[in-house]
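**Student:** Got a structure for you, questions after.
The values are calculated or read from the model by the stated rules, or taken from the named source; none is laboratory data. Predicted, not measured: the structure shown is a model, and the values here were computed from it. Neighbour counts run over all protein chains shown; Cβ positions are idealised from the backbone, glycine included.
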Amino acid sequence: MRLENKSVLITGAGSGQGRAAAILFAQEGAKIVVFDRDEAGASVTVKQILANKGSAQLAVGDVSKSEDVKSAVALSEEAHGGLDVLYNNAAIWSADNIDNYVTDLEEENWDAVLSVNLKGLYLCCKFGIPAIIKSGGGSVINIASVAGLKASRSRSHAYSASKGGVISLSRSMAIAYARDNVRVNVICPGGVDTPMLQPMVSTPDKYEKFAQSHPLGRMGMPDDIAKAALFFASDDSTWVTGVTMPVDGGFSAS
Ligand SMILES: NC(=O)c1ccc[n+]([C@@H]2O[C@H](COP(=O)([O-])OP(=O)(O)OC[C@H]3O[C@@H](n4cnc5c(N)ncnc54)[C@H](O)[C@@H]3O)[C@@H](O)[C@H]2O)c1
């Protein structure tokens, strides 16, 4: 098992990619804190892990609220004896499901997206990294997006800005905490078949067109991202930090 007895905190683990990672990491021996503001979704993830004889704790909360983040980190430390891996995955596409350009973007929408996607990640690192250092070092995995790497006519500018910020902040943190043995790496998914993507692929035609925009000719699945994250979480990547890795069916290469 590649994560035996590692304590892992995953944000947004009540759905899509976060749930897939939580289940895969638990199968690899990790003890998971499933952190999500959606209690029902997070409970499903915890139940699935427990049903597979894995170890999981539920933390219901909002990554943009410091008290909720502190509680989730404390739960990892109390229930699992420390924190080895912080997986920052929670994000929203838009506050109103509209792909707004800056000139049409309401301030509240900008604030809502940046608050979850960038401030939330900052808070999780602010409180999570000291816990990882206390545990002797470990891995931070930050989920950005191809939207942080490439411009597109069909993207929310707030979302793109937040994901560009995640990439830049991650590089800075990788350098800052390297001598504390904390590695910080980024995954940039392409289109992945999760609830977040549904507004953009609402008909079979739209789904197929979007799938075909990836050179490998299909949509990503949550497990595609979880398997890449497993490498960053495990000791297979102990000399890898500051990396931004697209996992996108070739999308960003074109
Ligand atoms: N699906 C895609 O095509 C795609 C592409 C590129 C990047 N991403 C990124 O992948 C990550 C996972 O997204 P997904 O596709 O699994 O989406 P999803 O909507 O299925 O899951 C996101 C989860 O985050 C939770 N969440 C949202 N705001 C939160 C908050 N403030 N506090 C705590 N939890 C919160 C939601 O409740 C949900 O369970 C996100 O960072 C997303 O931006 C997704």
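**Student:** Run S213 past the list (1) surrounded by 21 or more Cβ atoms within 10 Å (Cβ to Cβ); (2) within 12 Å of the ligand (Cβ to nearest atom); (3) at pLDDT 95 or above; (4) among the small types (G, A, S) and report the number of the one that doesn't hold.
**Tutor:** S213 satisfies every listed condition except (1).
**Student:** Out of the helices (runs of 4 or more DSSP H) lying entirely within the range 148-254, which hold 3 or more residues that are under 24 Å from A95 (Cα atoms) and within 19 Å of the chain's Cα centre (by Cα)?
**Tutor:** Filter on the range 148-254 gives 157-176.
**Student:** Every residue in the range 120-147 that is within 16 Å of the chain's Cα centre (by Cα), farther than 16 Å from T241 by Cβ and part of a loop (DSSP other than H, G, I, E, B), please.
**Tutor:** Listed by number, the list holds a single entry, S145.
**Student:** Restricting the search to the range 1-11, which residues are among the charged types (D, E, K, R) and either within 8 Å of the ligand (Cβ to nearest atom) or surrounded by fewer than 24 Cβ atoms within 10 Å (Cβ to Cβ) (or both)?
**Tutor:** Across the range 1-11, the qualifying residues are R2, E4.
**Student:** Does the range 158-200 hold any residues that are over 18 Å from T244 (Cα atoms) and either hydrophobic (A, V, I, L, M, F, W, C) or at pLDDT below 95 (or both), and which are they?
**Tutor:** Across the range 158-200, the qualifying residues are A158, M196, L197, Q198, P199, M200.
**Student:** Would you say R37 is in contact (Cβ under 8 Å) with a residue 24 or more places away in the chain, more than 15 Å from I141 (Cα to Cα), surrounded by fewer than 24 Cβ atoms within 10 Å (Cβ to Cβ) and near the ligand (Cβ under 6 Å from one of its atoms)?
**Tutor:** So R37 fits the description; yes.
**Student:** Right, here's the next one. I'd like the residue in the range 142-159 that is of a type in the set (S, T, N, Q) and surrounded by fewer than 20 Cβ atoms within 10 Å (Cβ to Cβ) and, out of all such residues, is farthest from A112 (Cα to Cα).
**Tutor:** Filtering the range 142-159 for residues that are of a type in the set (S, T, N, Q) and surrounded by fewer than 20 Cβ atoms within 10 Å (Cβ to Cβ), the one farthest from A112 (Cα to Cα) comes out as S152.
**Student:** Let me ask you something else. Can you tell me which of G29, G14 is near the ligand (Cβ under 8 Å from one of its atoms) and either more than 17 Å from S55 (Cβ to Cβ) or modelled with pLDDT of 95 or more (or both)?
**Tutor:** G14
**Student:** From G128, G137, which residue is touching a strand residue (DSSP E or B) at 6+ places or on another chain (Cβ under 6 Å) and over 19 Å from V63 (Cα atoms)?
**Tutor:** Result: G137 is the single residue among G128, G137 that is touching a strand residue (DSSP E or B) at 6+ places or on another chain (Cβ under 6 Å) and over 19 Å from V63 (Cα atoms).
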